[in-house]
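Remarks on the structure that follows.
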Amino acid sequence: MLRKLVALSAAAVLATALSSCGAANNSGGSTSASGGGSDKITLGFSQVGSESGWREANTKSIKESAPAAGIDLKFSDAQQKQENQIAAIRSYIQQKVDVIAFSPVVVTGWDAVLKEAQAAKIPVVLTDRAVDSDPSLYVSFIGSDFVKEGQEVGQWVLDNYKDASAPVNIVELEGTVGAAPAIDRKKGFDDLVKTNPNLKIIASQSGDFTRAKGKEVMQAILKANPKIDLLFAHNDDMGIGAMQAIEEAGKKPGTDIKIVTIDAVHDGMQALADGKFNFIAECSPLLGPQLMDIVKQIKSGQTPEKRIITKETTFTQQQAAEALPNRKY
Ligand code: GYE
């Protein structure tokens, strides 16, 4: 009996191995139909770009978790351009992938391509960032609550300046114009900070979520404003770019100008542990395993939850020093 079972399961393993071989050959050679008789799932993923440490960790998480889940991944990087993402999604529709997932660079302008995917009966999963399209056009949306992240930073500012008698001059470096995390983090932060009339946002400009832009924009803001007390950057990378601008202007980041950010990627956590940043609200990029689970649920006929919110925390300087050795990204 036992021997028979072993033989049976060995045959099953062999059959699976053969069929996934077939799938690998098919996906390598042609762009016509996916599957080709195999049941390996094909996922087409359109990434925003490679603008930040967060994005790098997010890409790594997706690229590693697909093969681990036995999913065939087609990946493309849109270089922060919506037209590239739309072209990538259209190409996945043509290739008849099983599921399409993407992290939308901006909130608006997705209706047409999402309707094309729906007409082709290809389910779409949003990761990380939201769209303003009708929710019936996608199956599920996994990612953070960006308003909450902005509020967490805003609350730190409220708490740390509650006794301020003189005006506190705040600079805000916003993310990519029209992107969900830029809109929501600004709302969460500004609405809280406005409740204390001593806290003044004297400049608020986009640094496109990159280090280079963060530095360039901060240089100009520093020239125009002799007194800046605090910088809120919508991500660590812009905070690090701005930190360099502050140092080059002869000021001490973390002391002369306090810096609060969002993400908690390695370089941001290092700056926080070093006393150059003052507070970070975490935004986890490790969405890969969850995305693969959802793809499998969809393919097995289950209905995944419509909105899955990532769990995250916040870090002070001391907490960053403690957490740094065990961080994965
Ligand atoms: O915070 C930033 C990245 O959409 C949550 O995009 C993501 C943001 C992240 O460029 O670093």
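On the stretch given as the range 124-144, residues that are away from the ligand (no atom under 16 Å from the Cβ) and either of a type in the set (A, V, I, L, M, F, W, C) or surrounded by 20 or more Cβ atoms within 10 Å (Cβ to Cβ) (or both) total 6. Residues in the range 102-125 that are part of a loop (DSSP other than H, G, I, E, B) and of a type in the set (Lys, Arg): LYS121 alone.
Within the range 265-291, residues that are at negative phi and among the charged types (D, E, K, R) sit with their Cβ atoms under 6 Å from residues that are outside any loop (DSSP other than H, G, I, E, B) and more than 14 Å from the ligand (Cβ to nearest atom), at 6+ positions apart or across chains, in these pairs: LYS276/MET243; LYS276/PRO253.
The residues listed here are LYS162, LYS200; of these, the one that is basic (Lys, Arg) and in a strand (DSSP E or B) is LYS200. Just so you know, in the range 126-158 the residues that are assigned to a loop (DSSP other than H, G, I, E, B) and without any contact (Cβ under 8 Å) to a residue 24 or more places away in the chain include one that is farthest from ALA233 (Cα to Cα), and it is ASP134.
Among the residues of the range 299-329, those identified as surrounded by 12 or more Cβ atoms within 10 Å (Cβ to Cβ) and assigned to a loop (DSSP other than H, G, I, E, B) are PRO304, GLU305, THR310, GLU312, THR313, THR316, ARG327, TYR329.
Residues checked against (1) away from the ligand (no atom under 16 Å from the Cβ); (2) farther than 30 Å from LEU73 by Cα:
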position: SER206; (1), (2): no, yes
position: ARG211; (1), (2): no, no
position: ALA224; (1), (2): yes, yes
position: GLY241; (1), (2): no, yes
position: VAL260; (1), (2): no, yes
position: ASP267; (1), (2): no, no
position: GLY288; (1), (2): no, no
position: MET292; (1), (2): yes, no
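Taking THR255 as the residue in question, decide whether it is in contact (Cβ under 8 Å) with a residue 12 or more places away in the chain and crowded, with 18+ Cβ neighbours inside 10 Å. So THR255 fails the test.
Give the residues of the range 176-213 that are surrounded by fewer than 22 Cβ atoms within 10 Å (Cβ to Cβ), among the small types (Gly, Ala, Ser) and within 22 Å of the chain's Cα centre (by Cα), sorted by residue number. Correct list: GLY178, SER204, SER206, ALA212.
Select from the range 36-82 the residues that are more than 16 Å from the ligand (Cβ to nearest atom) and either part of a strand (DSSP E or B) or within 26 Å of ASP208 (Cα to Cα) (or both) and list them in ascending order. Passing the criteria: THR42, LEU43, GLY44, LYS63, ASP72, LEU73, LYS74, PHE75, SER76.
Here VAL295 clears all of (1) under 19 Å from the mean Cα position of the chain (by Cα); (2) under 28 Å from VAL153 (Cα atoms) except the condition numbered (2). Looking only at residues in the range 103-123 that are under 19 Å from LEU287 (Cα atoms) and touching a strand residue (DSSP E or B) at 6+ places or on another chain (Cβ under 6 Å), the one that is surrounded by the fewest Cβ atoms within 10 Å (Cβ to Cβ) is PRO123.
Does GLY175 satisfy the criteria of being touching a Pro at 6+ places or on another chain (Cβ under 7 Å), at pLDDT 95 or above, among the small types (Gly, Ala, Ser) and closer than 20 Å to LEU231 by Cα? Spelling it out, GLY175 is indeed touching a Pro at 6+ places or on another chain (Cβ under 7 Å), at pLDDT 95 or above, among the small types (Gly, Ala, Ser) and closer than 20 Å to LEU231 by Cα.
The values are calculated or read from the model by the stated rules, or taken from the named source; none is laboratory data. A quick note: this is a predicted structure, and the numbers were derived from the prediction, not measured. Every residue, glycine as well, gets a Cβ built from its backbone with ideal geometry; the counts of neighbours run over all protein chains shown.
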